[in-house]
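Let me begin by presenting the structure, written as structure tokens, before commenting on it.
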Amino acid sequence: MRRSDRGIKDFTEITDVLRRADTIRLCMNDTPYPYAVPLSFGFEVMDGVITIYFHGAAEGMKHELLAKDNNVCVEADIFHGYARTEKSVTTEYESVIGFGAAEIVTGDEAVDGMELILEHCGFAGYEYDKNVLKTMKIYKITLASVTGKRRFV
């Protein structure tokens, strides 16, 4: 990180940014360009490791790319607005970037993942037809590394 003075070093603060973010951007490898897609998500922290869950159709570009190469980058941010300094206009923000491998989960883990997604989206305890899980894929990304950054004027 070029500006280490803006780095978020406390793990709890990093997970707090993730908790308050409403969208992640999933970045995947493709040729000739990378492919990124915004997603709703849920996550959990166990033993100091962040696991992110997201869902998607059982087919499509995201699914095809992940089947070829499941190494991903995940980005989440909170935009707080623009601010003026003596010399410039800048952005006030908080962000998290993590790296890991996306895996399809099934059974109870898929149900748990969907419940985490619903909870993060503001629908904790929402009763849904579990048959919908047959028409989609639930993925998890266990983050191998994660960093956070923020800037406030």
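We did not get these values from a lab; they are worked out from the coordinates using the rules stated. Computed from a predicted model, the values in this text were never measured in an experiment. In this analysis, Cβ positions are derived from the backbone assuming ideal geometry, glycine residues included, and neighbour counts consider all displayed protein chains.
Things to note:
- Check: segment 88-153 dipole with +1 on Lys, Arg Cβ and -1 on Asp, Glu Cβ, in debye: 380 debye
- Sparse packing (at most 12 other Cβ atoms within 10 Å of the Cβ) combined with a DSSP loop state is found for the following chymotrypsin sites (Phe, Trp or Tyr not before Pro) in segment 116-153: 123, 126, 128, 152.
- Per-residue Cβ neighbour rank within 10 angstrom, fewest leading, 47, 129: 47, 129
- Distance from segment 86-153 to segment 1-75 (C-alpha centre basis), Å: 7 Å
- 13 Å beta-carbon shell around residue 125, net charge (K/R +1, D/E -1): -3
- Using C-alpha pairs under 8 Å with a sequence gap of at least 6, the mean separation divided by the residue count of segment 1-141 gives a relative contact order of 27 percent.
- Projecting label points 7 angstrom from Cα along Cα→Cβ for residue 134 and residue 71 puts them 3.7 nm apart.
- For the chain, the dipole from Cβ point charges (+1 on Lys and Arg, -1 on Asp and Glu) about the Cα centre works out to 760 debye, to the nearest 20.
- Taking the fewest neighbouring Cβ atoms within 10 Å as the starting point, the ordered list for 150, 20 is 20, 150.
- Equivalent ellipsoid, segment 53-129 (semi-axes from 5 times Cα gyration tensor eigenvalues, Å): 33, 19, 10
- Fewest-first ranking of 11, 43, using other Cβ atoms within 10 Å as the exposure measure: 11, 43
- Largest first and in whole Å, the equivalent-ellipsoid semi-axes of segment 4-151 read 28, 18, 14, each the square root of five times a Cα gyration tensor eigenvalue.
- Taking a ≥ b ≥ c as the square roots of the eigenvalues of the alpha carbon gyration tensor, segment 1-60 is oblate, as a/c is not under 1.5 and a/b does not beat b/c.
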